[in-house]
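See structure below.
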Amino acid sequence: MAIAPGEIVQLKSGSPALTVIAVDGDVVEVVWFAEDVSEFRTQKIPAVALDTLELEEFDLDEEDEDEDENEEEAH
């Protein structure tokens, strides 16, 4: 599995969507926005621990969250 900067990935065990900013051998550096503290975070993670997300999967997750929020507001 070749991961390249700009790709969207997530931990195989589950995580928010992470954007790849650098790859150094088997280590991938990612960035994401931590909403709970309103700041960007970066981390270096072994490539073996990551799965690439297809853009469609990421879009569907965002739509699901929007639907959940709308349902909560309606109640």
Condition first: over 12 Å from the mean Cα position of the chain (by Cα), among the aliphatic types (A, V, I, L, M) and loosely packed, with under 15 Cβ neighbours inside 10 Å. Now tell me which residues in region 22-60 satisfy that. 22, 27, 37, 48, 49, 60
How about region 3-21: which of its residues are loosely packed, with under 12 Cβ neighbours inside 10 Å and touching a helix residue (DSSP H, G or I) at 6+ places or on another chain (Cβ under 9 Å)? 12, 13
Looking at region 39-52, I want the residues that are under 16 Å from residue 25 (Cβ atoms) and have a partner that is of a type in the set (Lys, Arg) and surrounded by 10 or more Cβ atoms within 10 Å (Cβ to Cβ) with Cβ atoms under 7 Å, at least 6 apart or on another chain. Which pairs are those? 49/12; 50/12
Condition check: touching a Phe, Trp or Tyr at 6+ places or on another chain (Cβ under 7 Å), assigned to a strand (DSSP E or B), modelled with pLDDT of 95 or more and not hydroxyl-bearing (Ser, Thr, Tyr). Does residue 23 satisfy that? no
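The values are calculated or read from the model by the stated rules, or taken from the named source; none is laboratory data. Model, not experiment: these values are computed from the prediction. Counting neighbours? That spans all protein chains shown, and the Cβs are built from the backbone with ideal geometry, glycine included.
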